[in-house]
Amino acid sequence: MESVDLWSQLAALGQVVAIDLVLAGDNAIVVGMAAAAVPLAQRRKVIFWGIGAAIILRIFFALITTQLLAIIGLTLAGGVLLLWVCWKMFRELRSHGTDEVAPDEAMDAPDTPVGVSGNAAAGAAVGGVTVGAAIWQIVVADVSMSLDNVLAVAGAAKDHPTILVIGLLLSVVLMGAAANMIAHVLHKHRWVGWVGLAIITYVALDMIWRGSNEVLMHTSWLS
């Protein structure tokens, strides 16, 4: 029994790490593309506040995730939300991410109109968006992506609280320290993204299955 539980924990940890890697890279892409749309002199500020907002939101959702998942029906809702995330990831992977811009690429991209250069990073840099609008765009995206990340990690960890804590801490560390590098890896090696998509899809379907059972059991108990 102990060996079975160990393998279960290792499998959960592997899923959690893969989810953290893929979603940290996606978050960095969101920050980079928003930063590329503002004038060059102001991009560092957008990147700083964008990544800062992502870290703060991830910590906030991590602190309340146990209470959230205790709510009957939220596991089901979280699974449906993750399926929507999977659909977005599928569309992005299928389009080969030609318009993706990482934060460091945004800093190097000149203030040129879209289409002037064949380079995706330069093409994204139009310099026509205010700093406030760019930061707000990142914050709105971060709310969804941070919740997605926490729900995915919690869904993969299942009944292993230690794995849940490790996964949530890892997501914060990756977002703050290695998101830019991960974004480049995901852009260069698209198969990593497909593996991550498969894992998140599995977690989403598993959450929907478990959440549906919870709702049905609660409904039958009430009746």
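The values are calculated or read from the model by the stated rules, or taken from the named source; none is laboratory data. Please read all numbers here as calculations on a predicted model, not as lab measurements. For neighbour counting, all protein chains shown are included, and Cβ atoms are generated from backbone atoms with ideal geometry for every residue, glycine included. Keep in mind that these areas ignore ligands, DNA and RNA; they rest on the heavy atoms of the full protein, side chains included. Shrake-Rupley method; radii C 1.70, N 1.55, O 1.52, S 1.80 Å.
Would you be able to say whether some residue in the range 47-54 is open to solvent by 70 Å² or more (accessible area, probe 1.4 Å), part of a helix (DSSP H, G or I) and not aromatic (Phe, Trp, Tyr)? No, because not a single residue in the range 47-54 is open to solvent by 70 Å² or more (accessible area, probe 1.4 Å), part of a helix (DSSP H, G or I) and not aromatic (Phe, Trp, Tyr). Screening Val165, Val153, Val172 for residues that are without any contact (Cβ under 8 Å) to a residue 24 or more places away in the chain and under 14 Å from Thr65 (Cβ atoms) leaves exactly one candidate, Val165. Residues that are out of contact with any Leu (no Cβ under 7 Å at 6 or more places or on another chain) and open to solvent by 60 Å² or more (accessible area, probe 1.4 Å) were ranked within the range 76-90; the one that is nearest to Ser212 (Cα to Cα) is Val80.
Number of residues in the range 25-52 that are of a type in the set (Lys, Arg) and at pLDDT below 80 equals 0. If only residues of the range 17-46 that are under 27 Å from Trp87 (Cβ atoms) and of a type in the set (D, E, K, R) are counted, the one that is least open to solvent (accessible area, probe 1.4 Å) is Asp20.
A quick yes/no check of all residues on (1) within 17 Å of Leu74 (Cβ to Cβ); (2) in contact with a strand residue (DSSP E or B) (Cβ under 9 Å, 6 or more places away or on another chain); (3) exposed (fewer than 14 other Cβ atoms within 10 Å of the Cβ); (4) not aliphatic (A, V, I, L, M):
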{"position": "Leu151", "(1), (2), (3), (4)": "yes, no, no, no"}
{"position": "Asp159", "(1), (2), (3), (4)": "yes, no, yes, yes"}
{"position": "Leu164", "(1), (2), (3), (4)": "yes, no, no, no"}
{"position": "Leu186", "(1), (2), (3), (4)": "no, no, no, no"}
{"position": "Gly196", "(1), (2), (3), (4)": "no, no, no, yes"}
{"position": "Ala204", "(1), (2), (3), (4)": "yes, no, no, no"}
{"position": "Asn213", "(1), (2), (3), (4)": "yes, no, yes, yes"}
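Residue under question is Ile55, and the condition is that it be in contact with a Gly (Cβ under 7 Å, 6 or more places away or on another chain) and either within 18 Å of Met145 (Cα to Cα) or at pLDDT 80 or above (or both); does it hold? Yes, satisfied.
If you go through the range 166-184 and pick out every residue that is in a helix (DSSP H, G or I) and surrounded by fewer than 22 Cβ atoms within 10 Å (Cβ to Cβ), you end up with 10.
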